[in-house]
């Protein structure tokens, strides 16, 4: 099968195999004039459905016998020349006229790039052999020239940390510490490898931080969920307890109401009977006072002149304000606790349901803030990892180049890792609940649990009310 290529000049139908639709490889031409790759046409004819007959895949011309295939050398040489032509991603030869072939070397002395054919003088001539050859560069060779003198950069000035030409050394860089690019390259090559090691460690370290940030986010979210759930349970219990207390207090008061009313009605009944009896006696006494039968008067009077029931009703008392001092103090304490709950700074409400909602929102707000901080740090780390990988790849490529000037110009921009200061000071608190909020939550929990534990009972001795917890 034909090899793949990115050269657009080789994509024309004239140079393509109709079977594999690629540039012809070992081209053969049939009698009908159509050309194919040697392997492609043989594979086509070897298929089971072609047994007993051979034909051209394009024009369908049939052959009685399997044609003998021979390489079309003229077409093969033409294709090889086309393969040597410079494509859009190649450096073209500066000497070729017409169709430019791909350059294989650049001469830093001649400031030109050459294909294999035009490079031969540099390989054969003793004078040209002294020229500096390097890998062809897509960038202009002008970057190898001194901007001031337009001479080849042949010296590295350590004093000014820059590449200079020989005229620069004789003028503004005179008496400076200078070396050849090869010497400076050798000195910096070890530094390059050390930098790559540092970058790899930094990438590994940042990946570890990235993993920690993901774990921190999970911790924040689970912690928030736990806090919200805990407070939901506390509020639910408190609301149930408050409702229970309301019901119990109401029932205790109503029960005592019924007891006191019943006692009062008994007293009223006794008083009504006594009034009736007193009226009856008074009537008898009135009649007795009119009688002229002295014997009857003396016999009857002793049983009428003293009112009955004084001892029974004298000690009967009904207290309209029947709540005991103990119960009154307990209700006052309950009211105080509820007022404390509604007065905290982070919730300005006395409604239990709204209080529950606001506590949940406070927790969720902390969660969103800390997750956002963690995600921002993760984004910074990912950008830094990408940049470090890019630089490390460029350093790896740079370490292989034999263009010392290019090495010395490029290395300073790559050898220091970026982003240390950006990520060093970013802090994310996995235990995100602040101390102030934690104290408020603790006070809230304490008060609600205290309310939840209150009970009311009736004393056995006095029948009054008291609150217990």
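Readers should treat all values here as calculations from the given coordinates under stated rules, not as data from a laboratory. Computed from a predicted structure; not experimentally measured. Positions of Cβ are generated from backbone atoms using ideal geometry, with glycine treated the same way; all protein chains shown enter the neighbour counts.
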* Using the per-residue mean of other Cβ atoms lying within 10 Å as a proxy for protection, in what order, highest first, do the peptides 254-261, 114-121 fall? -> 114-121, 254-261
* Sorted by Cβ neighbour density within 10 Å, fewest at the top, the residues 359, 127 -> 127, 359
* Structure fact -> Taking the alpha-carbon centre of each part, the distance from the stretch 118-175 to the stretch 267-292 in Å is 146
* Cα-Cα pairs of the stretch 113-182 separated by more than 15 Å (percent) -> 61
* Got a sec? How would 242, 295, 217 order by Cβ neighbour count within 10 Å, fewest to most? -> 295, 242, 217
* Take the Cα gyration tensor of the stretch 168-285, multiply each eigenvalue by 5, square-root it, and list the three semi-axes largest first, rounded to whole angstrom. => 108, 16, 6
* **For 363, 253, order by how many other beta-carbon atoms lie within 10 Å, fewest first** => 253, 363
